[in-house]
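Step one of this worksheet: look at the structure below.
The values are calculated or read from the model by the stated rules, or taken from the named source; none is laboratory data. These numbers were taken from a predicted model, which means no experiment stands behind them. Here the Cβ positions follow ideal geometry from the backbone for every residue, glycine too, while neighbour counts run over all protein chains shown. Keep in mind that these areas ignore ligands, DNA and RNA; they rest on the heavy atoms of the full protein, side chains included. Shrake-Rupley method; radii C 1.70, N 1.55, O 1.52, S 1.80 Å.
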Amino acid sequence: MTNLFINGAWIPSQSGQTIALVNPATEDTITELAYGGAADTMLAIDGAQAAFKEWGKTTPYIRAAILKKAAQLMRDRVEALAIDMVKESGKPLAEAKGEWQVAANLFEWYAEEGKRAYGKVIPTNRPDKRSQVIYQPLGVVGVITAWNFPAYNPARAWAAALAAGCTVVAKPAETTPLSAIHMVSLLKEAGLPDGVCQLVMGDAPGIGQAMLDHPALRKISFTGSTRVGKILMDGASKTHTRLSLELGGNAPVIIFPDVDVEAVAKAAALARFRNNGQVCIAPQRFYVHKGILDAFSKALVAQVAALKVGSGFDAATQLGPLITLQQRDSVKSLMDAARNEGSVVLTGGSKPSGLDKGYYFEPTVVSAVGRESCLATKEIFGPVLPLFSFDSL
Ligand code: ADP
């Protein structure tokens, strides 16, 4: 059972509700999580507002010492941290370790950058006046993050806010809270005062609305879908809450006939299938010149068919499961729709045989039909690479 972290203590949700955290590779329950909501979030923001009175006045040197100690703890314990990340996300162990190293680097980097929050002096039109800009911490910042990078996503936003002297109310994705839970524990161990980084989990719309509604919460940093980003923008327009948004993507790649086909096929497979295609900056639509389409398709299919799908704890694994059954069903129904449009599967296209449990999907290359194909217009967020062709720019 894992609780919410508010004012330095692990406490159950006020409603007493819990929710199961499921391992996407085995479909087993990892643990029960406290399922909080608006009331818990209001309490967490009150506490973070109180903690800001002191934290906002500490020097960046004091803050940096704590953040760098937390970074060191992440490096020291990377094995154990990575194991829990594999359980919650399904990603390969080596990638989970790499991600925790990046999280540690982010804490170190922001710790140092906090010392360099220089202001500036601006000349004016009067000899007896000068203007200056000084940077001050904003106050309580809400951080809502997505599941695809369970340590990187929170680290990026928490470290920046904490280094600047803000306090944080964090809401990790309900599917991957373990990494955030470890991160907040390590921050406490490194000496972060109570209330400076709070962790709430549960009813996402309720938590988001509470962040918008509480007058002390000055800003929301959000990583997630365009759909939810729009909900937050609508809400923030009424409450004047500042926003930083990192939303979805649907990036094209155009491949001209003068390329080294083998090298580009390899790079395309690497970029498209990293983290199982569950990356907002992953290239999604590949437009290949007709003159090299056959050669490119062959080279690409050879790369992709060789990708090893399986448990993140198997050292040979390159692709784990998708994050949830719902996510896999969404990729499956996109593939069904693409087949109905006349698209042809060149490799993959279904659930891998021999993996009965877990939300796996084969790495897939599709020869797609038409620029309006669902594979071009919808964000896939899974291991599918659609090929389109062109003959002139
Ligand atoms: P995805 O799961 O596709 O990455 P979501 O936007 O659904 O994208 O999720 C990203 C984060 O936003 C998660 O932490 C999720 O719980 C949270 N979230 C979902 N709905 C809302 C909402 N209405 N308000 C605030 N946060 C939300």
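Stretching K129 away from A315 to a fully extended chain increases their span by 60.4 nm, per 0.36 nm per residue minus the current alpha-carbon distance. Accessible area per residue was computed with a 1.4 Å probe on protein heavy atoms; Y287 scores about 30 Å².
Taken over region 251-390, lysine pairs spaced eight or more positions apart, or on distinct chains, with alpha carbons under 19 Å apart number 10.
Dipole orientation for region 251-390: of the candidates G370, Y287, A338, A338 has the Cα lying most toward the positive pole (charges on Cβ; Lys, Arg +1; Asp, Glu -1).
Ranking request for peptides 137-145, 254-262: highest mean number of other beta-carbon atoms within 10 Å first, then the rest in descending order.
Taking the mean over residues of other Cβ atoms within 10 Å, the ranking is 137-145, 254-262.
The trypsin sites (Lys or Arg not before Pro) of region 348-393 that DSSP puts in a loop, and whose beta carbon has at most 13 other beta carbons within 10 Å, are K357, R371.
Straight-distance candidates among the lysines for linking to K115, with alpha-carbon spacing under 24 Å and chain neighbours fewer than 8 residues away dropped: K53, K57, K68, K69, K188, K219.
Treating only the Cβ of Lys, Arg, Asp and Glu as charged (+1, +1, -1, -1), what charge dipole size does region 175-241 show about its Cα centre? Round to the nearest 20 debye. Walk me through the numbers on the way to the answer.
On the way: 6 positive and 5 negative charges, 54 e Å.
About 260 debye.
Treating the angle as unsigned and between 0 and 90°, give the value, to the nearest 10°, between the Cα long axis of helix 178-189 and the longest Cα principal axis of the chain. So the inclination is approximately 30 degrees.
Between 0 and 90 degrees, the angle of helix 152-164 with respect to the longest Cα principal axis of the chain falls at about 20 degrees.
Compare the peptides 109-122, 2-15, 170-183, 33-46 by average per-residue count of other Cβ atoms within 10 angstrom and give them in order, highest first.
Values: 109-122: 14.0, 2-15: 17.4, 170-183: 24.3, 33-46: 22.8.
Going from most to least packed, we get 170-183, 33-46, 2-15, 109-122.
Model label points for S15 and K115, set 7 angstrom from Cα along the Cα-to-Cβ axis, are 4.6 nm apart.
Summing charges over all other residues whose Cβ lies under 11 Å from the Cβ of P257, with Lys and Arg as +1 and Asp and Glu as -1, gives -1. Of all lysines in the structure, the ones whose alpha carbon falls short of 19 Å from that of K120, not counting any fewer than 8 places away in one chain, are K129.
The accessible area of V264, taken with all protein chains in place and a 1.4 Å probe, comes to roughly 40 Å².
Helix 226-239 axis versus longest C-alpha principal axis of the chain: approximately 30°, rounded to the nearest ten. Neighbours of I380, meaning other residues whose beta-carbon lies under 11 angstrom from its beta-carbon, give a summed charge of +2 when Lys and Arg score +1 and Asp and Glu score -1.
Quick one: of the DSSP bridges fully inside region 117-210, what percent are antiparallel, nearest 5?
In region 117-210, approximately 25 percent of DSSP beta bridges are antiparallel ones.
Where the centre of each part is set by its Cα atoms, how far does region 151-174 sit from region 220-285, in angstrom? Here the two parts' Cα centres lie 20 Å apart. The aspartates and glutamates whose alpha-carbon is closer than 19 Å to the alpha-carbon of K87, local same-chain residues fewer than 8 away aside, are E27, D28, E32, E79, E95, E99, E174, D314, D356. Amide H contacts of T167 (H built 1.01 Å from N, in plane; Pro and chain starts excluded): G139, V140, V141 sit under 5 Å, all sequence-distant by 5 or more or on other chains.
Over 34 Å, how big is the tail of the calculated P(r) for the chain, in percent of all Cα pairs? Walk me through the intermediate numbers first.
On the way: 27714 of 77028 pairs.
Summing the P(r) tail past 34 Å for the chain gives 36 percent.
The dipole here belongs to the chain: it is taken about the Cα centre, uses +1 on the Cβ of Lys and Arg and -1 on the Cβ of Asp and Glu, and is about 1300 debye.
All other residues with a Cβ under 12 Å from the Cβ of V228 taken together, and with Lys, Arg as +1 and Asp, Glu as -1, what is their net charge?
Values: positive: K171, R227, K230; negative: D234, E246.
Result for the local shell: +1.
Dividing the summed helix terms, -39500 (n - 2.57) for each DSSP H run of n ≥ 4, by the number of residues in the chain produces a 222 nm estimate of -13500 deg cm²/dmol to the nearest 500. Taking amide hydrogens as placed 1.01 Å from N in the peptide plane, the amide H of Y360 sits under 5 Å from those of L322, each at least 5 positions away in sequence or on another chain.
How large, in percent, is the carbon and sulfur part of the accessible surface of region 251-390 at a probe radius of 1.4 Å? Walk me through the numbers on the way to the answer.
Numbers: 3430 of 6200 Å².
So the carbon and sulfur contribution to the accessible surface is 55 percent.
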